[in-house]
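For reference, the structure is listed below as C-alpha cells.
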Amino acid sequence: MTLRPAHEPVRPRPPAGLAVPVPKPLAPPVGAGSPVPVRAGCEFGLTALLLFLVVTAVRWLVGTGSPMAVVFGPSLATAVLGLVTGGLLTVLMVSRPGRCSGCHLNPAVTLALWRLGAFQGRDVAPYAAAQLAGSLAGAWSAGALWGPAATGDPVRSASVRPDPAWSDAAVLGAEAVVLVGVTVMLAVFLSRPVGSRGLPYAVGVTTAAVIAVLGRSSGGSANPARQFGPAVLAGDIDRLWVYLLGPVLGAVLGAVLVDAVRRLRRSEAGPWAGVGPWAGVGPWAGVSPWAEVSPWAEVSPWAGLLRRSPLRRRCARGGGSPRR
C-alpha cells in the first residue's frame, strides 16, 4: 500500500469584484494577566477620579453662587449631570487603566459579572473594597479643593437624596430594577466580541438616561460606590443602606434572570435553541451555527451559506472560481 500525503484543504475564494472583509482577532485586554492588587488599585484610582469629577460637576451645576445654577435650573442641571457622568464613564472604560481592571467602578456590577461567570469570585471583595475606598477618597478630595462650596448646602459632597415622597421601599425597588436591566445588558453585550467593543458607549448612554430620569425622584444612583463616599462625608447615612442594598439585590436578581433564560433556551428544541447570548455555551454563550464556516464566517449570519453554495462545491472539486 502506497501512502500519499493528504491534500491541503481548498479554501473558497470570494467571487471576482466582491471584497469580503476578514475580521481581525481580538487583542487580549490590557492587563488581563495583571495581579489583583494592580487591578484593584486601578479600580481605586478610577473610582476616586470619577467621584472627584462628579462632585466638581455638581458643585458648578447647582452650587451656591454658580452661574450655571441660574442658567440651567434643577431639572436641566440633572440632565446635564447625567450626560457628564455618562461621558466620563465611557472615557474611563476605554482608558488604559480601565482596560486593565475592567473599569467596573461599581460593586454591584462586579457582583453581577461574577454571577454571570465573567469574573473570578475571589476578586469580588478586593474590587468592592477598592471602589468604596476610592469613592470616599474622591469625594473628600473634591471637598478639600472646593471647600464649603462643595461640602455645604445644597451640594453636600454630591450626596444623593431622593424626593421626600419616595419611601425607602420605593427607592430600593428603583435601584434594584435599574441593576436588573444593567445585568441583562451586560449579558447581551458580552455575548460577542463586537458587543464588548460597544459596551463602554452603552454604559455611558444608560448611565446618562438613569440619572436624567430618576435623578430628581429616587436619586438615580444605581451604584453603591457613587453614594458611599458622598453620604459618609455629608452625614446622610440614614438611607445609605438603601443605596447599598438596592443595586446589589438587582445584580443578583438580574443574574438569576439571565441564568433562567439560558436554561429555557437550552431546553428548547429546534435549530435556534443554541443561538444568541442566552445559548448557555460558555460564560456568555454567543455561539451561532455559522461560527465555524469559512474564514469569513464571522462577517454576517449568511456566511454559513458558503457551505452549500455552488461556488463552494465547485472550488472544493477543482479549485479556483467558476469561469464566466
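Nothing in this text is a laboratory measurement; each read-out follows from the coordinates by a stated rule. Model, not experiment: these values are computed from the prediction. Cβ placement follows ideal geometry from the backbone for every residue including glycine, while neighbour counts extend to all protein chains displayed.
Electrostatic bookkeeping for residue 54 treats Lys and Arg as +1 and Asp and Glu as -1; over the other residues with beta carbon under 15 Å from its beta carbon, the sum is +4.
Please say if the range 115-257 is rounded, prolate or oblate, where rounded means a/c under 1.5 for a ≥ b ≥ c the square roots of the C-alpha gyration tensor eigenvalues, and otherwise the choice is prolate for a/b larger than b/c and oblate otherwise? Prolate is the answer for the range 115-257, as a/c is 1.5 or above and a/b outweighs b/c. Length available on full extension from residue 94 to residue 149: 0.36 nm per residue minus the Cα-Cα distance, which gives 16.7 nm.
With a/c under 1.5 counting as rounded, go ahead and sort the range 144-218 into rounded, prolate or oblate using the C-alpha gyration tensor (a ≥ b ≥ c being the square roots of the eigenvalues; past the cut-off, prolate if a/b is larger than b/c, else oblate). Judged from the Cα gyration tensor, the range 144-218 comes out oblate (a/c at least 1.5, b/c at or above a/b). Residue separation of residue 76 and residue 38 scaled by 0.36 nm, minus their Cα-Cα distance, works out to 9.8 nm of gained length.
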